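Asks: First the structure, then my questions, so here it is.
Nothing in this text is a laboratory measurement; each read-out follows from the coordinates by a stated rule. Computed from a prediction, not measured in an experiment: that's the story for all the values here. Here the Cβ is made from the backbone with ideal geometry for all residues, glycine too, and neighbour counts use every protein chain on show.
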Amino acid sequence: MHLVASRGPSGRALAISLPYAWLLVFFLAPFAIVLKISFSEADVAIPPYTAIFGFVDDLESLYVEIKLNLSNYVLLVEDSLYYRAYLNSLRIAAISTALTLAVGLPLAYAMARAPQRWRGTLLMMVILPFWTSFLIRVYAWIGILKNEGLLNGFLQWLGIINEPLAIMNFDIAVYIGIVYSYLPFMVLPLYASLEKLDLSLLEAAADLGCRPIKAFWVITVPLAMPGIIAGCFLVFIPVVGEVVIPDLLGGSETLMIGKTLWSEFFNNHDWPVASAVAIILLLSLVVPIVLFQRHQAARQEAAR
C-alpha cells in the first residue's frame, strides 16, 4: 500500500498525459498536416500539391525556403459557392438541431419518468439503431420517402393523398434523415440530466398552484439545460459537415459544405482548396464552442 501511494503522483501524471497524447497524435498532428496542405498549390503529382518547405542552395549558403500560398483562402471569400455552402450548412444544421431537440426532449422526459424496470429497455431501444450500418439506415429512408415508397403508398392506400408527395431530393428529406440518424445523440444526454431531476420540486410547484406545463418550462427545462446544451452540440457539430444524408436524400440541389469538401478532394483532386475549406469549417465550429465554454465557466465562477 505504501508503494502504491508513493507512486501516486507519477501515476496521476501518466493518466493526465494519455488524453493529451491522444489529442496530439489524432487531432493536432492531422490538423497540422491539413493546415500545411491548405497553404500549398495544386499540382499534377502524387501527392497532388506542391511542397511549402524546400532547401535552397545558392552556392554560398544553404537555407530553408517557405512558400505560403494564400490564394486558397482568398478563393473561399471570392467564390460564392463556398460561403453559400457554409451558410446553407449552418442553416440546415440549426433547423435539424431544433427539430431533434423538439423530438428528443419529450422522448427523454418520458424515459426518465418511466418505471425503473422499463428504463433499461427504453434506453436499449434508443441505442439499437447503432447496431446497424449508418449507410444502410440512410438507404432505407430512400425506400420510404421516394415517390413509389412505403410512405406515399401507405398514404394513398388510406385515401389521404391522391398523388405522391415530393419529399425526396428536397430539404425536408434531409431533415427527416438527420433527425432520425442523430436523435440518440440528443436523447442520451437529455436522459442523463432528466433522470437526476428531483421530482419533489415538481410536487412543490403543483402544491403552490403551478400548472404542469409552466412547471415543465420553469423547473424541468432549466435543470435539464446541461443535457440540452450537450445534445445540441453533439447534433449540430457533425451535421454541419454531413455528407451522406444530403447526398443520398437531398440530391444534387442540396448545397452543404461537406459535399463541397468531398467534391474538391475526390472529384476535382484539389487538395489545397479542400484543406482550406476544412480548416475554415473546423475553426468556425471550434472557436465559438471554446468562447461559449469560457463564458459558462466565468458565469459559474461569478455565481459562486
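Asks: Apply the a/c threshold of 1.5 to the C-alpha gyration tensor of region 180-282 and tell me whether it is rounded, prolate or oblate.
Replies: Values: a/c = 4.35, a/b = 3.34, b/c = 1.30.
Note, shape of region 180-282 comes out prolate.
Asks: Under unit Cβ charges (Lys, Arg +1; Asp, Glu -1), what dipole magnitude, rounded to 20 debye, does region 71-303 have relative to its Cα centre?
Replies: Values: 13 positive and 15 negative charges, 145 e Å.
The calculation lands at about 700 debye.
Asks: Report, in deg cm²/dmol and to the nearest 500, the calculated mean residue ellipticity at 222 nm for the chain, where each DSSP H run with n ≥ 4 adds -39500 (n - 2.57) and the sum is divided by the residue count. Please list the in-between numbers first.
Replies: Values: 14 runs with 202 residues, N = 304.
Computed ellipticity for the chain at 222 nm equals -21500 deg cm²/dmol.
Asks: Here's another thing I want to ask about it. Please work out how much length the chain gains when fully extended from Ala51 to Ala98, using 0.36 nm per residue of separation minus the C-alpha to C-alpha distance, in nm with one decimal. Working shown, then result.
Replies: Values: separation 47, 0.36 × 47 = 16.92 nm, distance 4.35 nm.
So the extension gain works out to 12.6 nm.
Asks: Pull up the cross-link candidates among the lysines for Lys67, meaning alpha carbon to alpha carbon under 28 Å and not fewer than 8 places away within one chain.
Replies: Lys36
Asks: How big is the chain along each principal axis, measuring the range of its Cα positions in Å and listing the largest first?
Replies: Computed over the chain, the largest-to-smallest principal extents equal 89, 75, 37 Å.
Asks: For Lys214, list the lysines whose Cα falls under 25 Å from its own Cα; do not include residues on the same chain fewer than 8 positions away.
Replies: Cross-link targets: Lys196.
Asks: So for the chain, averaging the separation of alpha carbon pairs under 8 Å that are six or more residues apart and normalising by length, what relative contact order in percent results? Spell out each step's value before the answer.
Replies: Working: 296 pairs, mean separation 76.8, N = 304.
Relative contact order for the chain comes out at 25 percent.
Asks: I've got another one for you. How high is the FRET efficiency between Gln156 and Glu253 when r is their beta carbon distance and R₀ equals 35 Å, given to the nearest 0.05?
Replies: Working: r = 26 Å, r/R0 = 0.73.
Efficiency at R0 = 35 Å is approximately 0.85.
Asks: Can you tell which of Tyr73, Gly227, Phe130 lies farthest toward the positive end of the dipole of region 71-303, using +1 and -1 charges on the Cβ of basic and acidic side chains (Lys, Arg; Asp, Glu)?
Replies: The residue sitting most towards the positive pole is Gly227.
Asks: Something else about it: What does the extension gain come out to for Val286 and Trp262, with contour length at 0.36 nm per residue minus their alpha carbon separation?
Replies: 6.6 nm
Asks: Cut-off 17 Å, label point 7 angstrom out along Cα-to-Cβ of Ala114: give me the residues of region 180-202 whose amide nitrogen falls inside.
Replies: 183-197
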